[in-house]
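The values are calculated or read from the model by the stated rules, or taken from the named source; none is laboratory data. The shown structure was predicted, so the numbers you read here are calculated from the model rather than taken from an experiment. As a convention, Cβ positions derive from the backbone with ideal geometry for all residues, glycine included, and neighbour counts pool all protein chains shown. In case anyone asks, the SASA skips ligands and DNA or RNA and just uses the protein heavy atoms, side chains included. Shrake-Rupley method; radii C 1.70, N 1.55, O 1.52, S 1.80 Å.
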Amino acid sequence: MKPKKVTLYRALLHVGYARVAPRTLSRGNNLVQLKFSSDGGKWYINTPFGGGTYSSAKEALHAMVLRFALDLDDLKRMIDFGLEYAEEELKNYEKTMNKIESRSVKAIMDFLREEKKEETVDRSTLSDIVREFKKQVVFSRLQKELEKNHNSCPVCGREFLSSSSFYNHVTRTPFMKDEHRNFLMTLMSEITGYTP
């Protein structure tokens, strides 16, 4: 008897995604839906870092990595579980992460260069760049900090379930304000290579 083919859906269940509705999985703030129609199945991905619709499981897997809905450990577990195309994603993982980080840092550096040339600053462009930088780079790094510290702030020990709420805490809390600010500044200088 042939072994049952491992699907992305089953692999996601294996790495901690839970079934919340028919053909709908969730983990944290990430939602994955598989819908079928006359032209085949489509994957709908929704994360705090954006979402989209994908016509193949392989594309959906890549989209989830790009949007930080799956990490390195998840890919390794999926490969061990038998999801073949997760191997290619794992092989390109570092390249994918470097591309995300370099694009975000480049966008900020390009903006700063342009800002020096022009006296008037387009605030909407700045907002877009900052928002994308936060989503793609800063929140990802803060998520790693949370995981390293058992979902707790390394400064005050308060628990958080998402990187966005952790970011809001670090930037807005009046409690140990200087310590939280120093933590964030150190993190930002590690990410960009510049001291803010």
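Globularity index of segment 8-115 is 1.19 (Cα radius of gyration / 2.2 N^0.38 Å, N = number of residues).
Under 14 Å from a label point 7 Å along Cα→Cβ of residue 76: give me every residue in segment 9-23 with its amide N that close. None, by backbone N distance to the label point.
For the listed residue pairs 76/144; 58/134; 42/91; 5/76; 42/135; 35/134, the alpha carbons are over 19 angstrom apart in 58/134; 42/91; 42/135; 35/134.
Based on alpha-carbon atoms, the Kirkwood radius and the radius of gyration of segment 123-192 give Rg/Rh equal to 0.97.
The listed peptides 149-156, 10-17, ordered by packing as a protection proxy, come out as 10-17, 149-156 (highest mean of other Cβ atoms within 10 Å first). Surface exposure of segment 1-68, expressed per residue as accessible area with a 1.4 Å probe, stands at 58 Å². For the peptides 23-35, 85-97, 171-183, residues were scored by their other Cβ atoms within 10 Å and the scores averaged per peptide; the highest-first order is 23-35, 85-97, 171-183.
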